[in-house]
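The values are calculated or read from the model by the stated rules, or taken from the named source; none is laboratory data. Quick caveat: nothing in here was measured; it's all calculated off a predicted structure. Note: ideal-geometry Cβ built from the backbone for every residue, glycine included; neighbour counts use all protein chains shown.
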Amino acid sequence: ELKVEQNPLFLSMQEGKNYTIYCNYSTTSDRLYWYRQDPGKSLESLFVLLSNGAVKQEGRLMASLDTKARLSTLHITAAVHDLSATYFCAVDENTGNQFYFGTGTSLTVIP
Amino acid sequence: KAGVTQTPRYLIKTRGQQVTLSCSPISGHRSVSWYQQTPGQGLQFLFEYFSETQRNKGNFPGRFSGRQFSNSRSEMNVSTLELGDSALYLCASSPVPREQQGEQYFGPGTRLTVT
């Protein structure tokens, strides 16, 4: 079974600071996704990374994928309070048969 | 364009009963996937339907089943409910099968409580 590990699980950071969330997975995959979830809400798609070396940026968030290292990162630049949420990565097995979520990273940005 | 809708939004059932949840995808989307979210197990993939055919199924017992209609609306059924089935059930839609395009649009979820 594919394993998807995120770290850290909890992240408290000050506004204006930078930080990176890591997503490691245990099988061959070149499709990785990042989602955001606000408390009590559904999931919002942030990034879809479909190849090795893919990098996507939206506002203060930037995601990258290294399929050889089986690693994706979500980098937060100059955090603001509105970014407080739980962030999930998810991985498609290359067969397309299974889809696995990471454990989630709960981010709190402190003013 | 209207988003993904799920009904009902909240549901309370008793152990042993069965439940049916409904998901209407974004107009023109033919793929619908279902997910379960619990505090203990996190987010887990249940199954994906495309053009009325189940494409993939996660690691769930046969009590969990689904179907998709010709208008792409999907239903999920859980029979013989257990306390552990209490969860937020999310559905997501996309124009093509998930592994072809990737982008999924999630509905607001149905929160099921089993007592």
Go through region A:80-100 residue by residue and tally those that are surrounded by 21 or more Cβ atoms within 10 Å (Cβ to Cβ) and either over 16 Å from A:D38 (Cα atoms) or at pLDDT below 95 (or both). 5
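Under 23 Å from B:Q17 (Cβ atoms), of a type in the set (V, I, T) and assigned to a strand (DSSP E or B): does that describe B:T113?
Numbers: under 23 Å from B:Q17 (Cβ atoms): yes; of a type in the set (V, I, T): yes; assigned to a strand (DSSP E or B): yes.
Yes.
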Over region B:36-71, the set of residues of a type in the set (D, E) and buried (at least 17 other Cβ atoms within 10 Å of the Cβ) is B:E48
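Let me confirm something: among A:K17, A:K41, A:K56, which residue is outside any strand (DSSP E or B), at pLDDT 95 or above, of a type in the set (K, R) and out of contact with any His (no Cβ under 7 Å at 6 or more places or on another chain)?
Result: A:K17 is the single residue among A:K17, A:K41, A:K56 that is outside any strand (DSSP E or B), at pLDDT 95 or above, of a type in the set (K, R) and out of contact with any His (no Cβ under 7 Å at 6 or more places or on another chain).
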Would you please name the residue that is farthest from B:L88 (Cα to Cα), looking only at residues in region B:10-29 that are in contact with an Asp or Glu (Cβ under 9 Å, 6 or more places away or on another chain) and touching a residue at least 60 places away in the same chain (Cβ under 8 Å)? B:G16
Residues of region A:68-95 classified as facing another protein chain (nearest Cβ under 9 Å) and either in a strand (DSSP E or B) or in contact with a strand residue (DSSP E or B) (Cβ under 7 Å, 6 or more places away or on another chain) (or both), total: 3
Can you name the residue in region B:76-96 that is over 16 Å from B:Q44 (Cβ atoms) and surrounded by fewer than 19 Cβ atoms within 10 Å (Cβ to Cβ) and is also nearest to the other protein chains (Cβ to nearest Cβ) among such residues? B:V96
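Restricting attention to region B:12-60, and to residues there that are of a type in the set (D, E, K, R) and closer than 30 Å to A:T105 by Cβ, which single residue is farthest from the chain's Cα centre (by Cα)?
Checking each candidate, the answer is B:R55.
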Failed item in (1) more than 14 Å from A:L43 (Cβ to Cβ); (2) assigned to a strand (DSSP E or B); (3) modelled with pLDDT of 95 or more; (4) not hydroxyl-bearing (S, T, Y), with B:A92 passing the rest: (1)
Look at A:Y35 and say whether it is among the aromatic types (F, W, Y), in a strand (DSSP E or B) and within 11 Å of chain B (Cβ to nearest Cβ). yes
Over region B:9-28, the set of residues touching a Leu at 6+ places or on another chain (Cβ under 9 Å) and at positive phi is B:G16
Going through region B:31-50 one residue at a time, which ones are within 9 Å of chain A (Cβ to nearest Cβ), under 15 Å from B:V96 (Cα atoms) and of a type outside the set (G, A, S)? B:E48
Would you be able to say whether some residue in region A:64-71 is crowded, with 17+ Cβ neighbours inside 10 Å, among the small types (G, A, S) and farther than 30 Å from B:T110 by Cα? yes
Please go through region A:7-46 and pick out each residue that is within 15 Å of A:A79 (Cα to Cα) and among the acidic types (D, E). A:E15
Under 9 Å between Cβ atoms, at least 6 apart or on separate chains: pull out the pairs that start in region B:51-75 with a residue that is within 14 Å of chain A (Cβ to nearest Cβ) and end on any residue that is among the aromatic types (F, W, Y) and outside any strand (DSSP E or B). none
